[in-house]
Amino acid sequence: MYKVLLVLALLLSTDANATTWKLVDDGAKSGRLLVDPDSAGIDKYDKNAKGDGTRVHAIMRFVNTNGELLFVGVIDAGECIAQQGGTLVNIFEDNSSKTYFWSDSGERLYDSEGRWLCGHLLDTLETMIKQEPKSKSAPKIYM
C-alpha cells in the first residue's frame, strides 16, 4: 500500500515539463537516464520483521528512440553505505515494478541510477554532519 501511495504521490506531483531534469547517464546504445533531483527523498520503510529500514528515492526518466518512461527509483540506504550496491527497485505508473542489483563498479544504466541515489544519500548525510552544532568537550575529571 505504501508503495502505491509513494508512486502516485511522486509521479502525480511532478509535471515533466516543469521539472529540472539532470542527466544521470547517457547509454549510447540503450538510451538516456535522467533524474528530477527535487523529487529525491529519504524516508523510513518496513524492510523486514526485524524493524524499519531507510530508503532513498527519486523520480527517474528513461528516454530512448521508442519514447520515454517515468518511474520512481528506490534503494536501501543501509546497502548503499555498507555495500556500495544492493537492490534497486523501479516502480512504474501502473504500479508494476522491476528489481535490479546495482553495484558502484557496474556499467549498466541501473548501476548509474543506484550510484546517483546512493550519492544523494551520502551528500545529505555530509550536509547534516556539517550542520551539527559543535558540542563542548567533555568536562575533565580530576581524581
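Bear in mind that the values in this text are calculations on the coordinates, not laboratory data. Computed from a prediction, not measured in an experiment: that's the story for all the values here. Cβ: placed from backbone, ideal geometry, glycine included. Neighbour counts: every protein chain shown.
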task: Convert 37 °C to kelvin, take the viscosity as 0.692 mPa s, use the Kirkwood radius over C-alpha pairs of region 16-84 as Rh, and evaluate the Stokes-Einstein diffusion coefficient in µm²/s, rounded to a whole number.
output: 242
field: Shape call, region 2-131: gyration tensor on alpha carbons, a/c limit 1.5
entry: rounded
- request: Determine which aspartates and glutamates satisfy two conditions relative to K29: a Cα distance under 16 Å, and not lying fewer than 8 residues away in the same chain.
  value: E68, E107, D111
- prompt: How many nm is it between the label spots at N48 and K22, if each spot is 7 Å from the Cα in line with the beta carbon?
  reply: 3.2
- prompt: Arranged from highest to lowest average of other beta-carbon atoms within 10 Å per residue, in what order do the peptides 37-48, 105-116 appear?
  reply: 105-116, 37-48
field: Packing-based order for 62-75, 21-34, using average beta carbon neighbours within 10 Å, highest first
entry: 62-75, 21-34
- prompt: Once phi is turned into θ = phi - 60°, what whole-Hz ³J(HN,Hα) does the Karplus curve with 6.51, -1.76 and 1.60 give for every residue of region 92-101, x standing for Gly and Pro?
  reply: 9, 4, 8, 6, 7, 9, 9, 10, 10, 10
- prompt: Listed here are the pairs K50/K130; K22/K47; K44/K130; K98/K130; which of them are more than 24 Å apart at the Cα?
  reply: K50/K130; K22/K47; K98/K130
Two-site label geometry, N64 and K130: point separation in nm, points 7 Å out along Cα→Cβ: 3.8
